[in-house]
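Participant: Here it is, the structure in full.
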Amino acid sequence: SVENVVRDDLIKREALALDLAAFDGTGSSNQPTGVTATTGIDNSVTFGGAPTYIDYVNMWSAIMADNAPQDSLAFVTSSASIAKGLTSTKDSGSGQFVINEAPGGGFSTMGLPVVMLNQALTVANQVLFAAWSELVIASWGSRRVTVDPFTKADYGQIAVTTTAFHDIGLRHPESFAKSVDSGAQG
């Protein structure tokens, strides 16, 4: 039914907004502070060109040296950055690539998942690596749906809005690493 389509669309838009806030929230203008804006993430890597296998290893090594949990490790980046990794060789001669298709679907490097996020981050095509269990998203109260049949009544329309309150924090910023430039350059 149309009601279910509208409800699903509202939930998907809210989820996308929450993802963007978690990854790239500025901490100002009523936005939570996301991963890229959190102070204390000292583990950053400058690619300076097309990302190499060693760049990904350096991100992994940086958070492992800070005793990050190993239960939810994954890289997160854009489709453009994944495409660059799928076409960049690991070294000269092995025929292996920086990023590969994972056997069960999706992508991987170093045996770890590479997850696609196509939301526009402040640093385009940035690569993030973390023990994602250290990212906390707290929800306050329940989602509220407001149906307003009056505001747009002159146009024969009904305004439907949702309200939800969330906060985002990193338990241990040392469990996160980020590239300071694009993972799709080259």
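The values are calculated or read from the model by the stated rules, or taken from the named source; none is laboratory data. Quantities reported herein were computed from a predicted structural model and do not represent experimental measurements. Heads up, the Cβs are rebuilt from the backbone with ideal geometry, glycines too, and the neighbour counts pull from every protein chain shown. With ligands, DNA and RNA removed, areas are computed over all heavy atoms of the protein, side chains included. Shrake-Rupley method; radii C 1.70, N 1.55, O 1.52, S 1.80 Å.
Participant: Would you mind telling me which numbered condition in (1) open to solvent by less than 50 Å² (accessible area, probe 1.4 Å); (2) over 21 Å from residue 80 (Cβ atoms) residue 129 fails?
Facilitator: The number of the failed condition is (2).
Participant: Restricting to segment 149-180, count the residues that are free of Cβ contacts under 8 Å to residues at least 24 places away in the same chain, among the hydrophobic types (A, V, I, L, M, F, W, C) and either closer than 24 Å to residue 40 by Cβ or open to solvent by less than 90 Å² (accessible area, probe 1.4 Å) (or both). Outline the logic, then answer.
Facilitator: At the first step, the residues of segment 149-180 found to be free of Cβ contacts under 8 Å to residues at least 24 places away in the same chain are 149-159, 161, 163.
Subsequent filtering for residues that are among the hydrophobic types (A, V, I, L, M, F, W, C) retains 150, 153, 158-159.
Of the ones still in play, those that are also either closer than 24 Å to residue 40 by Cβ or open to solvent by less than 90 Å² (accessible area, probe 1.4 Å) (or both) are 153, 159.
Final tally of qualifying residues: 2.
Yes or no, residue by residue, for (1) under 18 Å from residue 183 (Cβ atoms); (2) open to solvent by 40 Å² or more (accessible area, probe 1.4 Å); (3) of a type in the set (A, V, I, L, M):
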{"residue": "74", "(1), (2), (3)": "yes, no, yes"}
{"residue": "81", "(1), (2), (3)": "yes, no, no"}
{"residue": "98", "(1), (2), (3)": "yes, no, yes"}
{"residue": "101", "(1), (2), (3)": "yes, yes, no"}
{"residue": "110", "(1), (2), (3)": "yes, yes, yes"}
{"residue": "147", "(1), (2), (3)": "no, yes, yes"}
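Participant: Could you list, in sequence order, all residues of segment 112-126 that are at pLDDT 95 or above and open to solvent by less than 20 Å² (accessible area, probe 1.4 Å)?
Facilitator: 114
Participant: Of all residues in segment 37-64, which are over 21 Å from residue 83 (Cβ atoms), part of a loop (DSSP other than H, G, I, E, B) and modelled with pLDDT under 90?
Facilitator: Residues satisfying the conditions are 39, 40, 41, 42.
Participant: (1) of a type in the set (A, V, I, L, M, F, W, C); (2) modelled with pLDDT of 95 or more; (3) more than 18 Å from residue 185 (Cα to Cα): which one isn't true of residue 75, the others all being true?
Facilitator: (3)
Participant: For segment 160-167, does any single residue satisfy the condition of being hydrophobic (A, V, I, L, M, F, W, C) and more than 30 Å from residue 68 (Cβ to Cβ)? Explain how you work it out, then say what you get.
Facilitator: Step one: of segment 160-167, the residues hydrophobic (A, V, I, L, M, F, W, C) are 160, 164-165.
Now narrow it down to the ones that are more than 30 Å from residue 68 (Cβ to Cβ): 160.
Among the residues of segment 160-167, at least one is hydrophobic (A, V, I, L, M, F, W, C) and more than 30 Å from residue 68 (Cβ to Cβ), which makes the answer yes.
Participant: Only one of (1) within 24 Å of residue 106 (Cα to Cα); (2) loosely packed, with under 14 Cβ neighbours inside 10 Å; (3) in contact with a Ser or Thr (Cβ under 9 Å, 6 or more places away or on another chain) fails for residue 85. Which number is that?
Facilitator: With respect to (1) within 24 Å of residue 106 (Cα to Cα); (2) loosely packed, with under 14 Cβ neighbours inside 10 Å; (3) in contact with a Ser or Thr (Cβ under 9 Å, 6 or more places away or on another chain), residue 85 is out only on (2).
Participant: So the check is Cβ under 8 Å with 6+ separation or different chains; which pairs have a first residue in segment 63-83 that's more than 13 Å from residue 130 (Cβ to Cβ) and a second one that's part of a strand (DSSP E or B)?
Facilitator: Partner pairs satisfying both residue conditions: 78/116; 79/116; 82/107; 82/114; 82/116.
Participant: Ok, one more. One residue is enough: does segment 10-29 have a residue meeting the conditions open to solvent by 40 Å² or more (accessible area, probe 1.4 Å), on the phi > 0 side of the Ramachandran plot and among the hydroxyl-bearing types (Ser, Thr, Tyr)?
Facilitator: yes
Participant: If you scan segment 30-64, which residues turn out to be loosely packed, with under 15 Cβ neighbours inside 10 Å and under 15 Å from residue 179 (Cβ atoms)? Steps first, please.
Facilitator: Filtering segment 30-64 down to residues loosely packed, with under 15 Cβ neighbours inside 10 Å leaves 30, 39-40, 42, 44, 46, 48-49, 54, 57, 61.
The answer is 42, 44, 46, 48, 49, 54, 57, 61.
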